[in-house]
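Student: Here it is: the structure, laid out below.
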Amino acid sequence: AFFTACELEETSARDCPIFALCNPSTNESKHRFIMATAEASDHDEDTSSIQSRTENPAVVTFKNLEVVAKARKQLLLKGISGQIRGGFWACMGPSGSGKSTLLNTLALRLDPGVKVTGDLRLNGRPCSNAQLKRMSGYVMQDDLFNGNLTCEEQLTYTARLRCPQDTSAAQRKARVDGVLRQVGLEHARHTSVGTPLKKGISGGERKRLAVAQELLVEPQLLFLDEPTTGLDSVTALSLCHTLRKISDACSVICTIHQPQSKIFALFDNLILLKAGDIAYQGPAKQALPFFESTGHPCPPLTNPADHLLDVVSLTRSESSHSLADVDLAAERELHLRFTRPEIDLLHGADRPQLPLRQTTSWLRQFSVLLDSSFKEQTRKTGMIAAQLIQMLIMAILIGFAFFQIGTDQMSVQLRKPVLFFCVINQGLFSALAVINSFPGKRMLALRERAAGTYKTSTYFTAKMLAETALQVILPIIFSCIVYWTVGLQPVASKFFIFTGFMILCSLSATSLALLISAFARTTDLSVTMLPSMLETFRLFGAFYMPPASTPAYFVWLNDISYVTYSYTGVSINENRGLKLTCTSDELEDVNGQLQCPIPDGDVILEADGLNKLSIGECAGILVFYIVFVRFLAYLGVRFLKW
Ligand SMILES: Nc1ncnc2c1ncn2[C@@H]1O[C@H](COP(=O)(O)OP(=O)(O)OP(=O)(O)O)[C@@H](O)[C@H]1O
């Protein structure tokens with residue numbers, strides 16, 4: 001009775017969700033009507049059967065679009081053609097059929113590993129990457145945020161970065177409030193997004209926040225890569241209801257795996273892919289009748305989306321059972337029936353050029369990013385506390401293990417390892433902190449760059465500056481404890497120089513960690529590479545193997561190790577002017593004069609070959625090292641896209 005009621009009133013499928021399940025009693029009559037439309041549309045040159053509720057939608061037209069994976073020469077999209085024009089579009093297909101490839105190709109977010117040929121037009125005109133990203137939004141499958149910011153702060157920073165520079169603070173606030181309302185996130189505006197250590201908004205709310213970010217600048221096209229993945233059915237449906245509402249104002253196209261029937265009923269149009277080719281393209285509601293006409297009726301009470309996926313997942317090996325002939329015939333029929341639409345590449349060319357979003361200046365981007373990075377840093381209280389406690393424990397351990405080493409002959413044996421250990425310690429902890437956090441941030445930066453939000457250079461400079469604060473404060477505290485507990489030379493200038501080297505050492509190690517993260521990309525690979533790099537630099541760090549005794553073929557390792565310059569710097573600082581004492585038993589006769597075996601620090605420096613450079617030269621080399629290695633890391637983030 002319910003089906004009949006829906007049918008009689010000609011209620012749309014989305015208003016009558018159960019109708020979305022295949023209903024044998026209605027298929028036949030509907031079929032006749034829809035096939036007529038489908039047949040008519042076969043000859044419809046401009047694919048006019050496309051369902052659009054969007055006023056003046058942007059028209060994306062693609063013709064003979066071919067995508068080839070360069071390495072394997074594999075055809076990922078097989079010369080497909082179509083048009084996207086307003087409404088809520090779903091791109092469905094079995095896993096590996098090319099959904100993400102198509103979405104990324106249309107959004108011009110191309111993987112460097114693929115080659116694309118064919119025509120792609122926006123409102124009948126060729127469109128550059130810069131143009132498209134200024135008028136479209138793209139929601140990735142893995143939404144990335146600054147987890148320590150609240151939803152409202154996240155959107156406010158994005159609005160400051162993406163809205164035209166002359167937008168007033170009040171206008172931005174109104175826009176942020178508007179999108180929070182639009183995506184149903186008002187209740188969570190003051191909740192932080194969350195980090196692995198601190199629970200924040202839910203998975204569904206994260207997706208909504210990702211959509212809200214894109215809506216801030218009123219895009220004409222919104223691309224979403226599997227927005228419902230990882231969400232429960234109720235949350236997924238609610239998100240799709242929101243997306244459908246959004247599609248009243250802009251074309252929304254998403255890839256989706258296996259939508260429940262209620263979600264399927266929300267789609268206006270469908271692109272169904274099968275092994276890189278389009279098996280169906282057109283109104284979502286006409287998909288079932290179309291496939292029925294090709295010999296694939298939807299079994300009773302089956303989710304239409306499941307049925308469509310079953311049909312396009314048919315393989316010849318699967319069909320080699322008793323129904324083989326029927327299946328093969330049906331598959332052939334499917335190919336014959338779906339005539340590729342005639343695509344008019346110039347469709348929409350008569351419209352005025354779509355307005356481009358203005359970009360913000362470098363300085364504006366820098367100040368917003370610096371502000372948000374500082375805020376993020378100050379909120380990482382757990383992480384900062386852990387680093388502080390770790391540093392305090394190490395400083396106290398070193399301080400009391402080498403407590404007041406004094407100036408006797410024995411102190412020579414203790415002075416070298418304590419100085420070297422301080423250098424190593426400063427490098428290790430700061431480098432580990434960076435290596436664990438940077439790869440995630442790098443992905444966020446790449447996403448924002450792809451969206452045209454900010455430049456890599458602004459992001460990198462702001463982030464470096466914000467993080468340097470912590471990398472400077474911790475070594476200062478460390479130095480204050482260790483220097484006086486160990487009893488190094490009690491001279492103020494020497495204490496400041498020692499502290500300066502601890503800071504330079506910490507910054508050098510973090511620079512190295514940044515470089516590794518920038519090239520290795522993932523935390524796993526970075527964590528694997530960092531220790532071997534640090535160990536190499538420790539081995540060739542002028543302590544175990546003084547420069548004078550380093551084999552000639554390894555001298556270059558000595559030269560590129562930041563440990564060499566840090567250790568040499570603190571050694572010169574500590575040993576210059578150091579007068580060593582000895583007991584009367586230890587006195588030696590040298591040229592008729594009684595003196596200590598090692599009378600002063602200069603003898604130690606000479607014996608270890610550490611007197612080739614001055615303190616200023618060591619500090620200068622470290623400053624150059626920090627700038628150079630960070631510049632290389634920037635190039636890695638800027639140009640490597642793997
Ligand atoms: N850069 C690339 N190099 C080589 N092969 C690629 C590349 N990108 C995608 N592919 C291959 O293209 C095919 C389609 O991939 P795509 O990610 O588009 O599929 P999908 O339909 O989105 O799959 P899923 O639903 O599982 O995410 C897959 O076989 C994939 O391995």
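Student: Test G569 against the stated conditions and say whether it is open to solvent by less than 20 Å² (accessible area, probe 1.4 Å), at pLDDT 95 or above, out of contact with any Ser or Thr (no Cβ under 7 Å at 6 or more places or on another chain) and among the small types (G, A, S).
Tutor: Criteria met by G569.
Student: In this structure, is L514 surrounded by fewer than 22 Cβ atoms within 10 Å (Cβ to Cβ) and touching a residue at least 40 places away in the same chain (Cβ under 8 Å)? So that I can check it myself, show each step before the final result.
Tutor: Details: surrounded by fewer than 22 Cβ atoms within 10 Å (Cβ to Cβ): no; touching a residue at least 40 places away in the same chain (Cβ under 8 Å): yes.
Against the criterion (surrounded by fewer than 22 Cβ atoms within 10 Å (Cβ to Cβ) and touching a residue at least 40 places away in the same chain (Cβ under 8 Å)), L514 does not qualify.
For (1) at pLDDT 90 or above; (2) within 30 Å of L161 (Cβ to Cβ); (3) surrounded by fewer than 24 Cβ atoms within 10 Å (Cβ to Cβ), each residue gets a yes or a no:
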site	(1), (2), (3)
G194	no, yes, yes
K198	no, yes, yes
I201	yes, yes, yes
A249	no, yes, yes
H257	no, no, yes
F267	yes, no, no
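Student: Follow-up. How many residues does segment 168-188 contain that are surrounded by fewer than 17 Cβ atoms within 10 Å (Cβ to Cβ) and not acidic (D, E)? Steps first, answer last, please.
Tutor: Here is the first cut: in segment 168-188, the ones surrounded by fewer than 17 Cβ atoms within 10 Å (Cβ to Cβ) are 168-171, 173-174, 177-178, 181, 186-187.
Then drop every residue that is not not acidic (D, E), which leaves 168-171, 173-174, 178, 181, 187.
Looking only at that region, the number is 9.
Student: Here are the criteria: (1) more than 21 Å from H241 (Cβ to Cβ); (2) touching a strand residue (DSSP E or B) at 6+ places or on another chain (Cβ under 7 Å); (3) open to solvent by less than 10 Å² (accessible area, probe 1.4 Å). Tell me which single one A287 does not satisfy.
Tutor: The number of the failed condition is (1).
Student: If you don't mind, another one. Within segment 222-230, can one find any residue that is part of a helix (DSSP H, G or I) and open to solvent by 20 Å² or more (accessible area, probe 1.4 Å)? Break it down into steps so the answer makes sense when it comes.
Tutor: Looking only at segment 222-230, we keep the residues that are part of a helix (DSSP H, G or I), and these are none.
No, every residue in segment 222-230 fails to be part of a helix (DSSP H, G or I) and open to solvent by 20 Å² or more (accessible area, probe 1.4 Å).
Student: Could you tell me which of the residues A236, A279 is out of contact with any strand residue (DSSP E or B) (no Cβ under 7 Å at 6 or more places or on another chain) and either among the polar types (S, T, N, Q) or within 16 Å of the ligand (Cβ to nearest atom) (or both)? Don't jump to the end; show me each part of the working.
Tutor: Working: A279 fails: out of contact with any strand residue (DSSP E or B) (no Cβ under 7 Å at 6 or more places or on another chain).
Every option except A236 fails the conditions.
Student: Those residues that are crowded, with 19+ Cβ neighbours inside 10 Å and under 19 Å from G601 (Cβ atoms), I need them from segment 458-486; list them, please. Lay out the reasoning, then the answer.
Tutor: Initially, segment 458-486 is screened for residues crowded, with 19+ Cβ neighbours inside 10 Å, giving 458-460, 462-464, 466-467, 470-471, 474-475, 478-479, 482-483, 486.
Across segment 458-486, the qualifying residues are V482, Y483, V486.
Student: When you scan segment 70-90, do you find a residue that is part of a loop (DSSP other than H, G, I, E, B), away from the ligand (no atom under 16 Å from the Cβ) and at positive phi, even just one?
Tutor: Initially, segment 70-90 is screened for residues part of a loop (DSSP other than H, G, I, E, B), giving 70-73, 86-87.
Still in the list and also away from the ligand (no atom under 16 Å from the Cβ): 86-87.
From the residues that got through so far, the ones that are at positive phi too are 86-87.
Yes, segment 70-90 contains a residue that is part of a loop (DSSP other than H, G, I, E, B), away from the ligand (no atom under 16 Å from the Cβ) and at positive phi.
Student: Would you say N591 is open to solvent by 50 Å² or more (accessible area, probe 1.4 Å) and more than 17 Å from T568 (Cα to Cα)?
Tutor: Values: open to solvent by 50 Å² or more (accessible area, probe 1.4 Å): yes; more than 17 Å from T568 (Cα to Cα): yes.
Considered against the rule, which asks whether it is open to solvent by 50 Å² or more (accessible area, probe 1.4 Å) and more than 17 Å from T568 (Cα to Cα), N591 comes out as yes.
Student: Hey, can you tell me all the residues within segment 374-391 that are assigned to a helix (DSSP H, G or I), farther than 18 Å from V423 by Cβ and not polar (S, T, N, Q)?
Tutor: If the condition is that a residue be assigned to a helix (DSSP H, G or I), farther than 18 Å from V423 by Cβ and not polar (S, T, N, Q), then F374, K375, E376, R379, G382, M383, I384, A385, A386, L388, I389 are the ones that fit.
Student: If you don't mind, there's one more thing I want to ask. Please verify whether segment 241-250 includes one or more residues that are in a loop (DSSP other than H, G, I, E, B) and within 16 Å of the ligand (Cβ to nearest atom).
Tutor: no
Student: What's the total number of residues in segment 535-556 that are over 24 Å from V412 (Cβ atoms) and open to solvent by less than 20 Å² (accessible area, probe 1.4 Å)?
Tutor: Residues of segment 535-556 over 24 Å from V412 (Cβ atoms): 535-537, 551-556.
Pick out the ones that are also open to solvent by less than 20 Å² (accessible area, probe 1.4 Å) and you get 537.
Adding up the residues that qualify gives 1.
Student: Among (1) charged (D, E, K, R); (2) within 11 Å of the ligand (Cβ to nearest atom); (3) over 18 Å from L224 (Cβ atoms), which single condition is R125 missing?
Tutor: (2)
Student: Show me the helices (runs of 4 or more DSSP H) entirely contained within segment 276-340 in which 3 or more residues are farther than 22 Å from Q83 by Cβ and at pLDDT 55 or above.
Tutor: Filter on segment 276-340 gives 304-312, 324-337.
Student: Would you call T61 more than 16 Å from the ligand (Cβ to nearest atom) and open to solvent by less than 10 Å² (accessible area, probe 1.4 Å)?
Tutor: Working: more than 16 Å from the ligand (Cβ to nearest atom): yes; open to solvent by less than 10 Å² (accessible area, probe 1.4 Å): yes.
Judged against the criteria, T61 is a match.
Student: I would also like to ask the following. So which residues in segment 196-214 are farther than 21 Å from C240 by Cα and without any contact (Cβ under 8 Å) to a residue 60 or more places away in the chain? Give the derivation first.
Tutor: Residues of segment 196-214 that are farther than 21 Å from C240 by Cα, as a first pass: 196-200.
Within segment 196-214, P196, K199, G200 meet the criteria.
Student: Criterion first (closer than 25 Å to R447 by Cβ, within 16 Å of the ligand (Cβ to nearest atom) and either without any contact (Cβ under 8 Å) to a residue 60 or more places away in the chain or in contact with a Cys (Cβ under 9 Å, 6 or more places away or on another chain) (or both)) does T229 satisfy it? Don't jump to the end; show me each part of the working.
Tutor: Values: closer than 25 Å to R447 by Cβ: yes; within 16 Å of the ligand (Cβ to nearest atom): yes; either without any contact (Cβ under 8 Å) to a residue 60 or more places away in the chain or in contact with a Cys (Cβ under 9 Å, 6 or more places away or on another chain) (or both): no.
No, not satisfied.
Student: Next question. Out of (1) within 16 Å of the ligand (Cβ to nearest atom); (2) under 20 Å from L231 (Cβ atoms); (3) surrounded by 17 or more Cβ atoms within 10 Å (Cβ to Cβ); (4) at pLDDT below 90, what's the single condition that is false for R109?
Tutor: For R109, the failing item is (2).
Student: Yes or no: L120 within 16 Å of the ligand (Cβ to nearest atom) and at pLDDT 85 or above?
Tutor: Numbers: within 16 Å of the ligand (Cβ to nearest atom): no; at pLDDT 85 or above: yes.
In short, no.
Student: Follow-up. Quick one: what pairs do we get from segment 96-108, first residue closer than 16 Å to V139 by Cβ, second open to solvent by 10 Å² or more (accessible area, probe 1.4 Å) and within 7 Å of the ligand (Cβ to nearest atom), C-beta under 7 Å, 6+ apart or different chains?
Tutor: As it stands, the answer is N104/D111, since those pairs meet every condition given.
Student: How many residues does segment 91-145 hold that are under 19 Å from N269 (Cα atoms) and part of a loop (DSSP other than H, G, I, E, B)?
Tutor: So the answer is 6.
The values are calculated or read from the model by the stated rules, or taken from the named source; none is laboratory data. Being a predicted model, the structure only gives us computed values, none of them experimental. Using ideal geometry, Cβ is built from the backbone for each residue, glycine included, and neighbour counts are taken over all protein chains shown. We work out accessible area using only protein heavy atoms, side chains counted, and drop any ligands, DNA or RNA first. Shrake-Rupley method; radii C 1.70, N 1.55, O 1.52, S 1.80 Å.
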